[in-house]
Amino acid sequence: MPGTSPRAPRFLASAPRRRSPALVGLLAAPLLALTACGGSSGTPADEPTASASAGGDFPVTVTGANGDVTLEERPEDIVSMSATATEMLFAIGAGDQVEAVDDNSNHPAEAPTTDLSAFTPNAEAIAGYEPDLVVLSNDTNGIVDALETLDVPVLLLEAAADLDDTYAQIELLGEATGHPEEAAEVVADVRDRIQAAVDSVPADAAGQRVFHELGPELYSADSSTFIGSIYSLFGLENIADGAADASGGYPQLSAEYVVDQAPEIIVLADTRCCAQSAETVAQRPGFGDVPAVVDGRVVEADDDVASRWGPRVADFAETVAGALQG
């Protein structure tokens, strides 16, 4: 599901295709793994941290899920194997330092996309770009150790659990790339936009039931996930929370369950990968009577924006706010 940093030959293939259970699982796993993106007051031991001067002086030591990483000089040949990290790097002004990105990093347009696969990462192929920093969101097939064996600096930033994780990762990348002030500005902007989105919604929107669809197989995301944390900001009731099998926060629901829960809002995060739309949802057996369908509140979200935990999470919050305002 959500965009763990991965995204292969494009997180979403250029041609519409179904998102398989295996793919959903791979995407979902990372979206749970980070540590500190929503609103924790403390700093967990595994939360990304950084130590450096405000001016971005080097050397700098940053801490990711793989431990401490010391960068003697500002990295100028970064390889991003995470679509979310790619968006963060460009947002904080480090785009010129990015040498290559994986095949799922399709935003922004100027990102130097390659055929490097985040799903099946190859250490030698990555090292071929002579990176002075590699950013990952998954330690697939032991890629972290493989790269470190080749003396390649690696920073593992797993999928965010909440907004605090997002903010922490943006600031961490700011320190690691010499852009701490720009990173702080990005965080402040995202915070302000999300707060404005929440404030724009009528108070009576709280308590409405929402169904977030990751794929036509009805995989969803409950409130323990990064995606679910966004809905919690609006006070929505996530129907995935009642699933019999939590499946790490990304349960597969049955059509009967969704219909019985009568969600007032349905958010489709499978419009590009799987060609789902308000029209296709309305055609499903039993869905014609679901309040979200009857009232025209089926939101056709951008798969990437709804799955990645980078700066565009503010876009997603604004999309949710728009549906609640309507």
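Bear in mind these aren't lab numbers, they're just calculated from the coordinates by the rules spelled out. Predicted model, so just to flag it, every value in this text is computed and none were measured. Note that each Cβ is placed from the backbone with ideal geometry, even for glycine, and that neighbours are counted across all protein chains shown.
Label zone (Asp204, point 7 Å along Cα-to-C-beta; backbone nitrogen cut-off 17 Å) within region 309-323: 323. Average projection, convex hull of the Cα set of region 202-325: 6.8 square nanometres.
With N as its number of residues, region 45-193 has a Cα radius of gyration that, divided by 2.2 N^0.38 Å, comes to 0.94. A Förster radius of 22 Å combined with the Cβ-Cβ distance from Thr70 to Ala184 puts the calculated FRET efficiency at roughly 0.50.
Neighbouring Cβ atoms within 10 Å as the yardstick, rank Leu150, Leu172, Leu233, Leu214 fewest first.
Working: Leu150 14, Leu172 24, Leu233 19, Leu214 29.
Sorted ascending by nearby Cβ count, the order is Leu150, Leu233, Leu172, Leu214.
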